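Scroll down for the structure; my scribbles are underneath it.
The values are calculated or read from the model by the stated rules, or taken from the named source; none is laboratory data. Just so it is clear, the model here is predicted, and its values are computed rather than measured. Cβ placement follows ideal geometry from the backbone for every residue including glycine, while neighbour counts extend to all protein chains displayed.
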Amino acid sequence: MAHQTHAYHMVDPSPWPLTGATAALLLTSGLAMWFHYNSTTLMALGLLTTLMTMMQWWRDIVRESTFQGHHTMPVQKGLRYGMILFITSEVFFFIGFFWAFYHSSLAPTPELGGNWPPTGIHPLNPFEVPLLNTAVLLASGVTITWAHHSLMAANRNQSIQALTITVTLGLYFTALQAMEYYEAPFTIADGVYGSTFFVATGFHGLHVIIGSTFLIVCLLRLIKFHFTTAHHFGFEAAAWYGHFVDVVWLFLYISIYWWG
Amino acid sequence: MHCVMPVSAARTWRILTFVVALPGVAICMLNAWLQKEHHSHKPEEFVPYHHLRIRTKAFPWGDGNHSFFHNPHTNPLPTGYEKAGGHH
């Protein structure tokens, strides 16, 4: 009888990479159809297939790890490398938008009035809601650390309580930002100030939503006893992602909200 | 004597949560709310600058002239504030 003589995980054949690629094609072509031909059908299909691929692929990973035991130490090490590399790639993604912001703001063109903020732009006061948002994200960093230590100490009630507070803080940030977006006296169409502000903070907000979703999944798994005190990489990955999102916000706050 | 050293890391972070982090959030909430009450400002006067309210390509929704988070009270169109928002 053949059996595995190594510690690695040779994954069973899966349709999700193909459905994911199809979803990407539908999303991109759908975006073009929406912008140029006023049709949202392809894009809606793209969003649906993306969502279905994500849910089923990650569900399968939970099955392979928690229920089938395929995530040995070497496999977990590979996952750690993977998450670190992914977050690094996202850092570079944001570096691009910071580059755009500094390019435009360090040498403001005559068309803007030769100053930054451009003439006619009234920036948000960094010491009102943006400061609250900073406190919210920093607090979420503290609460998720509490959750992690509680998890490692096998304290079920506290780990659930701490992770719940973390998720609540993430959702609170999103709600505050949405309100700020609505109340702002400038829009994305207000020249390069509007473009850099809303694209940089917008992508950040999207990442907060992604991070909050990841944490909600972790909370559900925590409640359903998926994690052990020594093996809970999904939780650690969500925590790393949350910290990354927090650090990006700090750079956004200092550069765009305060200095800008 | 009330000086009890936290034995576990979890206890340390729990204390930090309830003594520093969450009160910090509460203070910032109060600060933001008070500052907002302090300046109930009217929307800024409209000046038809050419470098703002760009409409090179129409937005792909509605009439193509309103941004996604458009607020009639604080966001003038290229032609000025709409009748519904703007002046009280």
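See the values below:
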{"quantity": "Odd one out for A:L206, checked against (1) farther than 21 Å from A:A239 by Cα; (2) surrounded by fewer than 21 Cβ atoms within 10 Å (Cβ to Cβ); (3) without any contact (Cβ under 8 Å) to a residue 60 or more places away in the chain; (4) not hydroxyl-bearing (S, T, Y)", "calculated": "(1)"}
{"quantity": "Some residue of the stretch B:42-55 being modelled with pLDDT under 95, within 25 Å of A:T201 (Cα to Cα) and surrounded by 12 or more Cβ atoms within 10 Å (Cβ to Cβ)", "calculated": "yes"}
{"quantity": "The stretch A:105-133 residues that are within 9 Å of chain B (Cβ to nearest Cβ) and farther than 16 Å from A:W249 by Cβ, paired with ones that are assigned to a helix (DSSP H, G or I) and small (G, A, S) (beta carbon under 9 Å, 6 or more apart)", "calculated": "A:E111/A:G191; A:L112/A:S104; A:L112/A:G191; A:P118/A:G191; A:G120/A:G191; A:I121/A:G191; A:I121/A:G194"}
